[in-house]
């Protein structure tokens, strides 16, 4: 055994590898992304980014059906997209082990909502395992493959941001289980979910869940830690760590399997303590489940949203204060900003000048909603911008003076924007759609996608031709513009708005972080700057306002994109050089 330091995501990848998983499929989404990236770099595996989570689960289901243990990764909102196959795969069961790794984001560090993926257990009727640290993330993932095959069912391994991103010591066995795919044998009753077969598999699922409930009663994934019987805490996941720190003398029922629950073991624990309480983040899933079992945990005054902490648990339940500082007062806020040289800035500059109502989407470009750009009006979920723009037009919104425009990224368009555009074309809509094509899935850390020309495992791939794709589904007006050419961008936006037809405007320029060789940085000539503030309104982090109101450019982070030069009416911004006074340094 070899001890090493791993994050929860790295441990999940290692656990899948040790279990002999051959196939990994997913869609990038923080906090889950790293798990598949790490798995993809391991020996003897195949891994790919799918266009979306539904496709990812379907690919993994086919691999499982063909006899290969398979791992699927996604964040919590991705399960919504994958729910259609997930529910039916609970009926069909698996061939080889099929594990779905889901990372929730309590506190919404990088998400548009909070969801508690433990609810998918009773909803889809699939087992849910919840590790509380990196060591358990490895162990539980390995066990999940065994349970999947033993009970003929997909298994969810659920983590949260703190588990996925924090690191802990893990003992690596160094061994990888050898799982050789067997020959596929036709079994229509198991795999073809027509009503007659589905009814039989529904009854089979009832029996498998009953067997899982029996297993949960004795499962080593769940454990009781008896200490002071004055209080007993039922908890799971990272909340177990908070309870141990805040209430070191409390007795704990630590649930590693959140569905099915061990009803009898929980009842026995309840009788062994004076007070029974539940500590959990997000939904009151465990508390409600215990009440269904006839147990009566005491109410605990914990937040209904966001992350917990040792301090919050201590304040709610008493005990010795935890020996940690939870926050440092007085730190200035750090609002999220587009990077210096981000190509999205030019697109939003044009849309702002057009006074557009912008239905936005999920990605770096969501930051266009923030000041000073303030050029986005809505952001709901992946792909929603396109359909919402069509809906706004159906409601009578939009005119030449206040047009309705959808904004979506290249990866998000491939994920779920294509179908929205197809709907507009099919139903004769006239919305304008802007695809911000920066050649990468940027916000989650520069993952490849069907538009980028590279696979997850760094193999050359076919690039989706966005222009041809849009034309193929009936969009007649499709054009490409460089967002760093501000005048051309403004002209293109105005012409497409004035056309009165369905149109797609592709703003194409690589993410600033992909450009290896940066252009020479710019600086401000104080003698020419009039403090008009036009360059400040671009929202570039390299540009700030000095005490005299004049612009300053930090040449250490300026990448030389030249956007600011184009908006300056007084030629006050020029390339750095000996004759130029450099501001902001």
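The values are calculated or read from the model by the stated rules, or taken from the named source; none is laboratory data. Keep in mind the model is a prediction, meaning the values are calculated, not measured. With ideal geometry, Cβ positions are generated from the backbone for all residues, glycine too; neighbour counts draw on all protein chains shown.
Residue-by-condition table, conditions (1) surrounded by 20 or more Cβ atoms within 10 Å (Cβ to Cβ); (2) assigned to a helix (DSSP H, G or I); (3) in contact with a strand residue (DSSP E or B) (Cβ under 6 Å, 6 or more places away or on another chain); (4) at pLDDT 95 or above:
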| site | (1), (2), (3), (4) |
| --- | --- |
| 270 | no, yes, yes, yes |
| 281 | yes, no, no, yes |
| 286 | yes, yes, yes, yes |
| 303 | no, no, no, no |
| 308 | yes, no, no, yes |
| 349 | yes, yes, no, yes |
| 358 | yes, no, yes, yes |
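One line per residue, one yes/no per condition, for (1) touching a residue at least 24 places away in the same chain (Cβ under 8 Å); (2) touching a strand residue (DSSP E or B) at 6+ places or on another chain (Cβ under 6 Å); (3) within 21 Å of residue 500 (Cα to Cα):
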{"site": "328", "(1), (2), (3)": "no, no, no"}
{"site": "335", "(1), (2), (3)": "yes, no, no"}
{"site": "338", "(1), (2), (3)": "yes, no, no"}
{"site": "371", "(1), (2), (3)": "yes, no, no"}
{"site": "381", "(1), (2), (3)": "yes, no, no"}
{"site": "387", "(1), (2), (3)": "yes, no, yes"}
{"site": "390", "(1), (2), (3)": "yes, no, yes"}
{"site": "397", "(1), (2), (3)": "yes, yes, yes"}
{"site": "401", "(1), (2), (3)": "yes, no, yes"}
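Can we say residue 216 is part of a helix (DSSP H, G or I) and either touching a residue at least 60 places away in the same chain (Cβ under 8 Å) or buried (at least 21 other Cβ atoms within 10 Å of the Cβ) (or both)?
Details: part of a helix (DSSP H, G or I): yes; either touching a residue at least 60 places away in the same chain (Cβ under 8 Å) or buried (at least 21 other Cβ atoms within 10 Å of the Cβ) (or both): yes.
Yes.
Restrict the check to the stretch 219-238 and report whether at least one residue is in a helix (DSSP H, G or I), surrounded by fewer than 23 Cβ atoms within 10 Å (Cβ to Cβ) and within 32 Å of the chain's Cα centre (by Cα).
no
Could you say whether any residue in the stretch 134-154 is in a strand (DSSP E or B) and farther than 18 Å from residue 72 by Cα?
no
Name the one entry in 477, 471 that is over 22 Å from residue 365 (Cα atoms), out of contact with any helix residue (DSSP H, G or I) (no Cβ under 9 Å at 6 or more places or on another chain) and modelled with pLDDT of 95 or more.
Exactly one residue qualifies, and that residue is 471.
Is it the case, given these coordinates, that residue 81 is touching a residue at least 60 places away in the same chain (Cβ under 8 Å) and more than 24 Å from residue 179 (Cβ to Cβ)? Full working, then the answer.
Working: touching a residue at least 60 places away in the same chain (Cβ under 8 Å): yes; more than 24 Å from residue 179 (Cβ to Cβ): yes.
Against the criterion (touching a residue at least 60 places away in the same chain (Cβ under 8 Å) and more than 24 Å from residue 179 (Cβ to Cβ)), residue 81 qualifies.
Of all residues in the stretch 487-500, count the ones that are in contact with a strand residue (DSSP E or B) (Cβ under 9 Å, 6 or more places away or on another chain) and surrounded by 14 or more Cβ atoms within 10 Å (Cβ to Cβ). Give the derivation first.
Filtering the stretch 487-500 down to residues in contact with a strand residue (DSSP E or B) (Cβ under 9 Å, 6 or more places away or on another chain) leaves 488-489, 491-493, 495-497, 499.
Among the residues that remain, those that are also surrounded by 14 or more Cβ atoms within 10 Å (Cβ to Cβ) are: 488-489, 492-493, 496-497.
Residues in the stretch 487-500 being in contact with a strand residue (DSSP E or B) (Cβ under 9 Å, 6 or more places away or on another chain) and surrounded by 14 or more Cβ atoms within 10 Å (Cβ to Cβ): 6 in total.
Can we say residue 316 is surrounded by fewer than 22 Cβ atoms within 10 Å (Cβ to Cβ) and at pLDDT below 95?
yes
Considering every residue within the stretch 325-339, establish whether at least one is surrounded by 12 or more Cβ atoms within 10 Å (Cβ to Cβ) and over 30 Å from residue 540 (Cα atoms). Give the derivation first.
Just the residues of the stretch 325-339 that are surrounded by 12 or more Cβ atoms within 10 Å (Cβ to Cβ), to begin with: 337-339.
Next, only the ones that are over 30 Å from residue 540 (Cα atoms) stay: none.
There is no residue in the stretch 325-339 that is surrounded by 12 or more Cβ atoms within 10 Å (Cβ to Cβ) and over 30 Å from residue 540 (Cα atoms).
Going by the structure shown, is residue 582 more than 29 Å from residue 433 (Cβ to Cβ) and modelled with pLDDT under 95?
So residue 582 passes the test.
Test residue 20 against the criterion of being surrounded by fewer than 24 Cβ atoms within 10 Å (Cβ to Cβ) and either assigned by TED's automatic domain parsing to the domain that holds residue 176 or not in a loop (DSSP other than H, G, I, E, B) (or both), and give yes or no.
yes
Taking the conditions exactly as written (surrounded by 14 or more Cβ atoms within 10 Å (Cβ to Cβ), part of a loop (DSSP other than H, G, I, E, B), touching a strand residue (DSSP E or B) at 6+ places or on another chain (Cβ under 9 Å) and in contact (Cβ under 8 Å) with a residue 12 or more places away in the chain), does residue 261 satisfy them or not?
Yes: the conditions hold for residue 261.
If the requirement is being in contact with a strand residue (DSSP E or B) (Cβ under 6 Å, 6 or more places away or on another chain) and in contact (Cβ under 8 Å) with a residue 60 or more places away in the chain, which of these qualifies: 158, 223?
Just a single option satisfies the conditions, and that option is 158.
Filtering the stretch 239-258 down to residues that are assigned to a helix (DSSP H, G or I) and in contact (Cβ under 8 Å) with a residue 40 or more places away in the chain, which residue is surrounded by the most Cβ atoms within 10 Å (Cβ to Cβ)?
Checked the stretch 239-258; the qualifying residue surrounded by the most Cβ atoms within 10 Å (Cβ to Cβ) is 239.
Being in contact (Cβ under 8 Å) with a residue 12 or more places away in the chain and within 35 Å of the chain's Cα centre (by Cα) is the requirement here; does residue 570 meet it?
Here the answer is no, as residue 570 does not meet what is asked.
Quick check on the stretch 129-152. Is at least one of its residues within 14 Å of the chain's Cα centre (by Cα), in the same structural domain as residue 170 (by TED's automatic domain parsing), surrounded by fewer than 24 Cβ atoms within 10 Å (Cβ to Cβ) and more than 24 Å from residue 455 (Cα to Cα)? Step through it out loud before you land on a result.
We begin by selecting, within the stretch 129-152, every residue within 14 Å of the chain's Cα centre (by Cα); these are none.
No, that holds for no residue.
Is at least one residue of the stretch 68-86 surrounded by fewer than 22 Cβ atoms within 10 Å (Cβ to Cβ) and assigned to a loop (DSSP other than H, G, I, E, B)?
Within the stretch 68-86, not a single residue is surrounded by fewer than 22 Cβ atoms within 10 Å (Cβ to Cβ) and assigned to a loop (DSSP other than H, G, I, E, B).
For residue 5, all conditions in the list (1) out of contact with any strand residue (DSSP E or B) (no Cβ under 8 Å at 6 or more places or on another chain); (2) not in a helix (DSSP H, G or I) hold save one; what is the number of the exception?
(1)
So for the stretch 527-536 (the condition being under 19 Å from residue 353 (Cβ atoms) and touching a helix residue (DSSP H, G or I) at 6+ places or on another chain (Cβ under 7 Å)), does at least one residue qualify?
yes
Residues that are under 22 Å from residue 54 (Cβ atoms) and without any contact (Cβ under 8 Å) to a residue 24 or more places away in the chain: find the helices (runs of 4 or more DSSP H) completely inside the stretch 409-505 holding 1 or more of those.
Values: elements: 418-426, 466-472, 486-499.
Fully inside the stretch 409-505 and qualifying: 466-472.
Condition first: assigned to a helix (DSSP H, G or I) and either surrounded by fewer than 24 Cβ atoms within 10 Å (Cβ to Cβ) or touching a helix residue (DSSP H, G or I) at 6+ places or on another chain (Cβ under 6 Å) (or both). Now tell me which residues in the stretch 365-387 satisfy that.
Filtering the stretch 365-387 for residues assigned to a helix (DSSP H, G or I) gives 365-369, 384-387.
Across the stretch 365-387, the qualifying residues are 365, 366, 367, 368, 369, 384, 386, 387.
Among the residues of the stretch 506-547, which ones are free of Cβ contacts under 8 Å to residues at least 12 places away in the same chain and under 36 Å from the mean Cα position of the chain (by Cα)?
516, 517
Is it the case that the stretch 177-191 has a residue that's in contact (Cβ under 8 Å) with a residue 40 or more places away in the chain and within 16 Å of residue 154 (Cα to Cα)?
Looking through the stretch 177-191, at least one residue is in contact (Cβ under 8 Å) with a residue 40 or more places away in the chain and within 16 Å of residue 154 (Cα to Cα).
When you go through (1) surrounded by fewer than 24 Cβ atoms within 10 Å (Cβ to Cβ); (2) assigned to a helix (DSSP H, G or I) one by one for residue 56, which number turns out not to apply?
Just one mismatch for residue 56, condition (1).
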